[in-house]
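Everything on this sheet refers to the single structure shown next.
The values are calculated or read from the model by the stated rules, or taken from the named source; none is laboratory data. Keep in mind it's a predicted model, so treat the numbers as computed, not measured. Ideal geometry is used to build each Cβ from the backbone, glycine not excepted, and the neighbour counts take in all protein chains shown.
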Amino acid sequence: FVSTAAHELRTPITTIRGYLRALKEDAGSKLNEDEMQYIERGDIASLQLITLMENLLSVSRIEKGTYTLNRTETDWVKIVDECVRTFQPQAEQHGITVLWDSRAYDIPKVYADPLRINEVLNNLVSNAINYTTKGKVTITLEHDTTTNMVVTHVTDTGQGIPKDALPNMFKKFFRVAGAIEQGSKGTGLGLYIARQIVELHRGTINVESTLGKGSTFSFSLPTVDNKQVVSEDHKIILNEHGGK
Ligand code: ADP
């Protein structure tokens with residue numbers, strides 16, 4: 001039901017957004033400040049609805065077991081680079097510095113679905129910026145040679161998370177009842193989806209946080225040399241093809 005409803009709602013919402021954008025471009029110069037703000041607000045709300053629909057579709061696919069990965073050799077440092085570039089303007093608007101040094105790492109390629117895993121990183125960086133009022137967001141990488149995993153840490157100097165909320169962070173629809181959450185239109189689905197995506201990659205995700213000081217979200221991804229994960233995946237693909 002959720003999947004069908006989300007599909008059906010996606011088309012009209014996308015149409016509404018299209019018309020609002022057209023109106024903004026065509027009539028923008030003839031409208032007064034208030035009228036322009038109505039359109040802006042409508043545009044933001046329609047984008048929030050589209051994100052919600054996309055998240056509901058992802059949750060529904062995850063729960064049906066039809067959320068598939070297209071894993072390939074992925075240059076992780078390059079993906080982090082792009083993510084930092086995308087979020088830089090938003091961070092600057094918030095007065096937050098993003099610290100990331102791509103030259104510091106000689107990290108092997110990871111075995112991941114670039115689109116899906118990008119979604120995880122974007123969610124963590126976007127949260128780190130949104131739930132931080134001052135200071136910085138730092139991204140660091142680590143190559144664990146014993147487990148053949150690359151670990152990514154996203155650390156912020158933000159509001160932090162209460163101790164009793166920590167076990168719930170990756171649950172569906174969970175949000176801390178803090179001041180920033182009251183004013184923002186999050187869905188509480190981002191971290192749930194992030195966890196599912198990381199686990200589908202055979203990685204793990206966790207959070208450490210001190211209230212009032214900040215949080216670190218960390219997740220691991222297998223390198224392409226991680227024979228166990230790569231061969232397991234190839235076996236699954238072979239079985240799927242063999243079954244057809
Ligand atoms: P959303 O941000 O849409 O509410 P998420 O699933 O991404 O949903 O996050 C769930 C909740 O976890 C947020 O509402 C917020 O309360 C808390 N949270 C996530 N990231 C951070 C962070 N970096 N610092 C503090 N709280 C966070």
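Which of the residues belonging to region 99-128 are more than 14 Å from the chain's Cα centre (by Cα) and of a type in the set (A, V, I, L, M)? It would help to see each step written out before you state the result.
As a first pass, look at region 99-128 and keep what is more than 14 Å from the chain's Cα centre (by Cα): 99-112.
Hits for region 99-128 are Leu99, Ala104, Ile107, Val110, Ala112.
From Glu208, Glu232, which residue is more than 21 Å from Leu121 (Cβ to Cβ) and acidic (Asp, Glu)?
Answer to the selection: Glu232.
Considering each of Thr86, Thr68, Thr4 in turn, give the residue that is closer than 30 Å to Asp106 by Cβ and hydroxyl-bearing (Ser, Thr, Tyr). Let's see the steps before the verdict.
Numbers: Thr68 fails: closer than 30 Å to Asp106 by Cβ; Thr4 fails: closer than 30 Å to Asp106 by Cβ.
From the options Thr86, Thr68, Thr4, the qualifying one is Thr86.
Is it the case that region 225-239 has a residue that's in the same structural domain as Ile79 (by TED's automatic domain parsing) and in contact with a helix residue (DSSP H, G or I) (Cβ under 9 Å, 6 or more places away or on another chain)?
no
Suppose we filter region 214-244 for residues that are in contact with a strand residue (DSSP E or B) (Cβ under 9 Å, 6 or more places away or on another chain) and not in a loop (DSSP other than H, G, I, E, B); how many remain?
The number of residues fulfilling the criteria is 14.
Given Ala45, Ala22, which one is surrounded by 11 or more Cβ atoms within 10 Å (Cβ to Cβ), over 30 Å from Thr223 (Cβ atoms) and not aromatic (Phe, Trp, Tyr)?
Numbers: Ala22 fails: surrounded by 11 or more Cβ atoms within 10 Å (Cβ to Cβ).
Result of the check over Ala45, Ala22: Ala45.
One residue is enough: does region 129-146 have a residue meeting the conditions of a type in the set (Lys, Arg) and under 18 Å from the mean Cα position of the chain (by Cα)? Give the steps one after another, and end with the answer.
Going residue by residue through region 129-146, those that are of a type in the set (Lys, Arg) are 134, 136.
After this cut, where a residue has to be under 18 Å from the mean Cα position of the chain (by Cα) as well, the list is none.
Within region 129-146 (the criterion being of a type in the set (Lys, Arg) and under 18 Å from the mean Cα position of the chain (by Cα)), the answer is no, since none of the residues qualifies.
Search region 50-61 for residues that are without any contact (Cβ under 8 Å) to a residue 60 or more places away in the chain and pair each with any residue that is outside any helix (DSSP H, G or I) when their beta-carbon atoms are under 7 Å apart and the residues are at least 6 apart or on different chains.
Arg61/Tyr67
Please find, among Val150, Val137, Val120, Val125, the residue that is in contact with a His (Cβ under 8 Å, 6 or more places away or on another chain), surrounded by 21 or more Cβ atoms within 10 Å (Cβ to Cβ) and at pLDDT 95 or above.
That would be Val150, the only listed residue that is in contact with a His (Cβ under 8 Å, 6 or more places away or on another chain), surrounded by 21 or more Cβ atoms within 10 Å (Cβ to Cβ) and at pLDDT 95 or above.
Name, by its number, the condition in (1) of a type outside the set (Phe, Trp, Tyr); (2) within 23 Å of Tyr111 (Cβ to Cβ); (3) modelled with pLDDT of 80 or more; (4) over 15 Å from the mean Cα position of the chain (by Cα) that does not hold for Ser215.
Among (1) of a type outside the set (Phe, Trp, Tyr); (2) within 23 Å of Tyr111 (Cβ to Cβ); (3) modelled with pLDDT of 80 or more; (4) over 15 Å from the mean Cα position of the chain (by Cα), the lone unmet condition for Ser215 is (2).
Of the numbered conditions (1) surrounded by 12 or more Cβ atoms within 10 Å (Cβ to Cβ); (2) part of a helix (DSSP H, G or I); (3) not basic (Lys, Arg), Leu69 fails exactly one; give the number of that condition.
Just one mismatch for Leu69, condition (2).
Among the residues of region 28-48, is there at least one that is within 18 Å of the chain's Cα centre (by Cα), part of a helix (DSSP H, G or I) and not β-branched (Val, Ile, Thr)?
Initially, region 28-48 is screened for residues within 18 Å of the chain's Cα centre (by Cα), giving 47-48.
Checking the rest, the ones that are also part of a helix (DSSP H, G or I) come to 47-48.
If we keep only those that are not β-branched (Val, Ile, Thr) as well, we get 47-48.
Yes, there is a match, as at least one residue in region 28-48 is within 18 Å of the chain's Cα centre (by Cα), part of a helix (DSSP H, G or I) and not β-branched (Val, Ile, Thr).
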